[in-house]
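What follows is calculated from the coordinates using simple rules that are stated; it is not laboratory data. Because the structure is predicted, anything quoted here is derived from the model rather than measured. Neighbour counts run over all protein chains shown; Cβ positions are idealised from the backbone, glycine included.
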């Protein structure tokens with residue numbers, strides 16, 4: 001685990017709350033490396049995503065993390081965001097989704113958002129599965 005830089009942007013309680021969830025879902029090494037790479041230009045963006053996405057949204061009681069992962073995989077596939085798909089496939093596995101459930105998400109997206117979007121997600125997920133297994 002990389003030490004998180006002692007930046008003013010990273011000091012709020014909401015940041016710390018979001019950081020804990022972000023590490024649990026995406027993996028501490030990935031998250032800590034992202035924070036360590038931040039500079040004066042993008043540290044505020046790291047703060048915003050950690051506080052708002054992870055500290056406010058992912059911690060809400062309305063739906064569980066598994067459901068949030070399903071929604072994220074569907075949206076990221078529809079938006080064709082390959083890097084985020086890879087990260088969130090691994091997060092979905094950590095949140096309890098199976099490979100079969102992830103496949104079903106991509107099949108559903110293929111029908112409603114287009115086959116080309118799902119093609120990339122299937123390819124990316126296969127690589128993410130292999131990398132996730134190596135990291136276990």
For the Cα atoms of the chain, what angle does the longest principal axis make with the long axis of helix 115-135, in degrees from 0 to 90, nearest 10?
60
Choose one answer from 61, 82, 116: the residue with the largest mean-square fluctuation in a GNM of the chain with alpha-carbon springs under 10 Å.
61
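Given contacts defined as C-alpha pairs under 8 Å and at least six residues apart, what's the relative contact order of the chain, whole-number percent? Intermediate values should be presented prior to the final figure.
On the way: 141 pairs, mean separation 31.1, N = 136.
With pairs under 8 Å counted, the relative contact order is 23 percent.
Could you line up 69, 121, 34, 12 from fewest to most neighbouring Cβ atoms inside 10 Å? Can you show the working numbers first?
Details: 69 24, 121 27, 34 18, 12 14.
In order of increasing Cβ crowding within 10 Å: 12, 34, 69, 121.
Ranked by Cβ crowding within 10 angstrom, fewest neighbours first, how are 16, 136 ordered?
Least crowded to most crowded, the residues run 136, 16.
What number, in percent, do you get for the relative contact order of the stretch 65-135 if the mean sequence gap of Cα pairs under 8 Å and at least 6 apart is divided by its residue count? Provide the component values of the computation, followed by the final result.
On the way: 69 pairs, mean separation 27.5, N = 71.
Relative contact order of the stretch 65-135: 39 percent.
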Nearest 10, in degrees from 0 to 90: the angle of helix 82-94 to the longest Cα principal axis of the chain is 90
Rounded to the nearest 10, the angle in degrees between the Cα long axis of helix 28-37 and the longest principal axis of the Cα atoms of the chain comes to 60
Let me have the 222 nm mean residue ellipticity of the chain computed from DSSP H runs of 4+ only, each contributing -39500 (n - 2.57), with the sum over all residues rounded to the nearest 500.
-22000 deg cm²/dmol
